[in-house]
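Reading through the structure tokens given below for one structure.
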Amino acid sequence: MTNEPIFVNHQNLEDYVTALFTAAGMPDADAAYSAECMVLTNLWGIDSHGVLRLPIYVQRVRSKAINPTPNIVTQRGGFALEVLDGDDGMGYVVGRAAMARAIELAGQFSIGAVGVVRSNHFGAAALFARMAVEQGMIGIAMTNVIPNIVAPGGAKPITGNNPIAIAVPTFAAFPFVLDISLSNVAGGKLLLASKKGEKIPFDWATDREGRPTDDPNEGFKGFLLPVGGHKGLGLSYVVDILSGIITGGVFQHEIKSMYKHPDDPSLTGHFMIAINPLVLMSKAELVERMAEFTATIKASPMWDESREMLLPGELEHRKAQERRANGIPLPTNLFEELSALGAELAVSSSLLPI
């Protein structure tokens, strides 16, 4: 059986995902927002966090492991620092509420920080950091996940690959966006390699005994390796402290995997920060300084003159332009899985190849 990609139009895919979430029990607006987030992530080329995750999300919404109608409320805090209770809601919906509140606080106090307890997987952290950029602010978004990283030389996981994204407005074609997980690769890339029938590099993951493997299925059952050795390991600890410990939420092994415990809320924690730089300088000055900063990076020479120095966020910007024009590639088995899910839920929308 071939597993060549099938290309689909991004708007068709978004409409289809919206229909699936709605059929699973989510309100129309939240279903549409979650679909927008997932397809936008695919447009950026971050396929490990796009519609690849749709089957497990839909399963969890249907079982109520993800609360389709959460009551998201402020739990504690004061001034520029608060914690929200996500009521086990969809991570996209809860993450949006947290960053929106952080932006609101930053409008009042110049900086706002909002933690979250009782949420679920929220996709790509950049989605929420970019929300602040849309308001002319700097956004920082992070989340804790189940321990899936082994320390160099370790045999059992002690922390998650806890992603963090930082977005800064440039007021140009695209913002500066750094979005990284603190493993060499995100777990979704193992899933994607498995869907494509590909091997993985030995520095991506280990098996259950902590031994490096090139089998994505063994790696997904096992553990990830930290980026940069002890440096990435230490940063992952920090994200768990901010997202889990100081919020009063769960951390380390108290978080539940949505794959190993598909019928249970994940209890994931997030931490969002919004910073208003325009209290420090005018917009015109910030535009000028960011232009100088980015121009210096772009002008930096490459030893291979056929290559180009790219800014954080530039690759995603270009990929989105390409995929809006040419379609989003889905592995054949993923396309078939999503089509079968639509038939099971009896949605009227269809996923159509270009």
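Every listed requirement among (1) touching a helix residue (DSSP H, G or I) at 6+ places or on another chain (Cβ under 8 Å); (2) farther than 30 Å from residue 194 by Cβ is met by residue 293 save one, (1).
Meeting the requirement of 1 or more residues that are among the aromatic types (Phe, Trp, Tyr) and in the same structural domain as residue 235 (by TED's automatic domain parsing), the strands (runs of 3 or more DSSP E) wholly within region 125-191 are 176-180. Here residue 91 fulfils each of the conditions (1) over 18 Å from residue 167 (Cα atoms); (2) within 14 Å of the chain's Cα centre (by Cα); (3) of a type outside the set (A, V, I, L, M, F, W, C); (4) surrounded by fewer than 23 Cβ atoms within 10 Å (Cβ to Cβ) apart from (4).
Residue pairs whose Cβ atoms lie under 7 Å apart, separated by 6 or more positions or on different chains, with the first residue in region 56-79 and among the charged types (D, E, K, R) and the second not in a loop (DSSP other than H, G, I, E, B), are 62/24; 76/83.
Being of a type in the set (A, V, I, L, M), outside any helix (DSSP H, G or I) and surrounded by fewer than 21 Cβ atoms within 10 Å (Cβ to Cβ) is the filter here, so list the residues in region 218-235 that pass it.
227
When restricted to residues that are within 28 Å of the chain's Cα centre (by Cα) and farther than 22 Å from residue 80 by Cα, region 274-288 contains 2.
Please go through region 18-31 and give me each residue that is more than 11 Å from residue 93 (Cβ to Cβ) and part of a helix (DSSP H, G or I), ordered by number. Even if it seems obvious, please write down each step before you answer.
Kept after step one, since they are more than 11 Å from residue 93 (Cβ to Cβ), are these residues of region 18-31: 18-20, 22-25, 28.
Selection gives 18, 19, 20, 22, 23, 24, 28.
Scanning region 192-217 for residues that are in contact with a strand residue (DSSP E or B) (Cβ under 8 Å, 6 or more places away or on another chain) and either assigned to a helix (DSSP H, G or I) or more than 24 Å from residue 51 (Cβ to Cβ) (or both) turns up 202, 203, 206, 207, 208, 210, 212, 213, 216. The residue that is nearest to the chain's Cα centre (by Cα), counting only those in region 242-268 that are outside any loop (DSSP other than H, G, I, E, B) and surrounded by 15 or more Cβ atoms within 10 Å (Cβ to Cβ), is 268. Residue pairs whose Cβ atoms lie under 6 Å apart, sitting 6 or more positions apart in sequence or on different chains, and linking a residue in region 272-301 that is free of Cβ contacts under 8 Å to residues at least 12 places away in the same chain to a partner that is aliphatic (A, V, I, L, M), are 300/309. Looking only at residues in region 204-217 that are under 23 Å from the mean Cα position of the chain (by Cα) and either under 11 Å from residue 149 (Cβ atoms) or not hydrophobic (A, V, I, L, M, F, W, C) (or both), the one that is surrounded by the fewest Cβ atoms within 10 Å (Cβ to Cβ) is 217.
The values are calculated or read from the model by the stated rules, or taken from the named source; none is laboratory data. Note that the coordinates shown come from a computational prediction; the quantities given were computed from them, not determined experimentally. When we count neighbours, we look across all protein chains shown, and the Cβ atoms used for this are built from the backbone with ideal geometry, even at glycine.
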